[in-house]
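Asks: Sharing a structure, written as structure tokens. Questions coming.
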Amino acid sequence: AVLHTVSLLCAVVVCVDAKMWLGMPVMGWSSFDSQQGGSYNETYARKQALYQAENLLASGYDVVSQVGVSAGGIMIPGTGLPDRNASHWFRNIDEYGRPVPDATRWPSSVVSGGDGEGDCVCDPHNCTVPSSWDCTQPVCICKEGTRSMRPFAEWLNGLGLRLGLWTWKGVHRSAVIHKLKVKGTNYTIDQIVDRNLDGTPCIDKNKTTNRVCFGGCDWMPTLGVNASHPAAQAYYDSLYELFGTEWKTEFVKADCNCGVINKNRDNFKEAEAQALAVKKLPLIQGIVKGSTKPRTLALSISPGVISDTLSGSIVAQNQLASMYRVTTDFHGGIPRVFGPANYPGGGSMERAREFANASLIGANFTFPDLDMQAVGHMDCSGESCNCNNCNGTNLAYVIISQWAIARSPLLVGSKLPLDPITMALTTNKDMLFVHAYARNQTILEYYQPNISCTPSVKPPCDYINDHGWIKWLADVADPSKDPELVARSNWGSRHIPRGTASTATNPPVKIMMIANAGWANATSEEGGAGRVTFTSWSDLGLTKLTELGEQAGYTARDVFSQELLPSNSSGFTAKVTGFNATLVLIQK
């Protein structure tokens, strides 16, 4: 059952007693796959933002999500040039252990009279045993207030955009080693670290530990916080005060919030502390071009081991986040989209189906997150970065369609500028209408392709079956009655798509996604002849008769081609090529 109500809506979206943004999926652009390594810097980010403001903002993509701004190189002695070797990078934190921008990569962050060098003390401390308690990356510890993302945020606001940041759960190991203070308390950060995982000690007599036991990510030198410690909430309060109030950040992706969630586990308690810190924030003030109303911060938790719907329901019921990842990092590729549930990270189609069947899409104004939209040209490495979805090939249509009807947050995860086909897909007015108005998603047909995948083998998957349809059906929200749409109209700070002229003048009665999950009649991954599937009006619940006793007339319109699909009094047909998809609007 859908969990939200009109009375709850006031409490979590419109009224001033809770400041987490809830009630619609975030839209924007993520830097994660746009530029690798040390070449990503403020100059590049500003160039991307200008393009986004000019080409994507009008469609609602208003968040600019920056990844890794606290990591960066130092100046190479005698050259005046930044060191772009990632192995030489220093992580930047302030005197209270909170991540701050690297001045070399983010020069506008030097504020409050800071000179860019003397403000920070850098420690190359490292170790030879990666699992050691004392092991950490090189770190620079900066005086409070000498580094800030606010100048960049206010520049974005002038364009009509909003700042988003990536951060981690817990504390950086360097803050523990240096025993930095928890702001506003007499405690130090080493005192609030959780040295147990769900009651089991993580440290043996030799002071070694499993990183996963602490921070939740074995690739990140972070340690979890003991949420029951009296200074734990103070740490998270100060962290989100820095992000939201001081830096005017409006979207935060908090990584490493891992594991199956239940109220008896430490990860629930720490996620709850982060959510409470966000809800304590005052409304974000100041003018964003096009809106003078105060704003709230949207909290995203990841990565994608919230793979079970029970954990998802706990996140939704307790409003632990605005959005929560249900897959691992998504960089495209057929296995990541159509793969079975047991494929590493889970196939996006399979995960979306599970959360739709559990009525968790939009439940209590929270949203399952399928990760970035891996469309267009990506700059990423490794097996998982499979660009057969790039530049408008079939898989791009699948990703756009699935993310829209499942109402996943829309964060374009590619380099800008977009190629013409990808631009047309991401700004398609009717696709955005689907994303905003689809409700009560149900699965009419789901044929999981028989894909046998071994990630260590290249190619990693063997596609055994040659056919299979996936069909989703959704109702269309009434903008005068739907709690979320009413709130969005009243709040006035986020875009509400209206669709094309045809959609606006003749609102759809149903929405469908039709995906061809196999190879049948396809000569290549890019298409082939395609296959035809029939859908009856009665399958859609459209059996109402007219006054003359005849079945009311309906049409089916393809969102991407804008063409009417062949139909008769019984239903309609759609032709879809292999590993492709489309969205369909059913209108009278």
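The values are calculated or read from the model by the stated rules, or taken from the named source; none is laboratory data. Computed from a prediction, not measured in an experiment: that's the story for all the values here. Heads up, the Cβs are rebuilt from the backbone with ideal geometry, glycines too, and the neighbour counts pull from every protein chain shown. Just so you know, the surface numbers come from the protein's heavy atoms only, side chains and all, with ligands and any DNA or RNA stripped out. Shrake-Rupley method; radii C 1.70, N 1.55, O 1.52, S 1.80 Å.
Asks: Can you name the number of the only condition in (1) within 24 Å of the chain's Cα centre (by Cα); (2) open to solvent by less than 10 Å² (accessible area, probe 1.4 Å) that Asn262 fails?
Replies: The failed condition is (2).
Asks: OK, next. Which condition from (1) at pLDDT 90 or above; (2) outside any helix (DSSP H, G or I); (3) not polar (S, T, N, Q) is the one that Asp190 breaks?
Replies: Status for Asp190: all satisfied but (2).
Asks: Go through (1) open to solvent by 40 Å² or more (accessible area, probe 1.4 Å); (2) modelled with pLDDT of 90 or more one by one and return the number of the condition Ile470 breaks.
Replies: (1)
Asks: Given the criteria at pLDDT 95 or above and touching a helix residue (DSSP H, G or I) at 6+ places or on another chain (Cβ under 8 Å), does Ala271 qualify?
Replies: On the way: at pLDDT 95 or above: no; touching a helix residue (DSSP H, G or I) at 6+ places or on another chain (Cβ under 8 Å): yes.
When the stated conditions are applied, Ala271 does not pass them.
Asks: Out of all the residues in region 517-566, which are aliphatic (A, V, I, L, M), modelled with pLDDT under 85 and surrounded by 19 or more Cβ atoms within 10 Å (Cβ to Cβ)? Write out each step before concluding.
Replies: Here is the first cut: in region 517-566, the residues aliphatic (A, V, I, L, M) are 517, 520, 522, 529, 532, 540, 542, 545, 548, 552, 556, 559, 564-565.
Okay, now just the ones that are also modelled with pLDDT under 85, so 517, 520, 522, 529, 545, 548, 552.
Hits for region 517-566 are Ala517, Ala522.
Asks: Of the numbered conditions (1) closer than 23 Å to Pro282 by Cα; (2) at pLDDT below 95, Thr222 fails exactly one; give the number of that condition.
Replies: (1)
Asks: Mind listing whichever residues of region 314-335 are at pLDDT below 85 and farther than 20 Å from Ser31 by Cα? Before the answer, list the steps.
Replies: From region 314-335, those at pLDDT below 85 are 328-335; that's our starting set.
Across region 314-335, the qualifying residues are Ile334, Pro335.
Asks: Could you grab the pairs with beta carbons closer than 6 Å, sequence gap of 6+ or different chains, first residue in region 560-578 and closer than 13 Å to Gly530 by Cβ, second one open to solvent by 80 Å² or more (accessible area, probe 1.4 Å) and of a type in the set (A, V, I, L, M)?
Replies: What qualifies is Thr573/Val532; Lys575/Val532.
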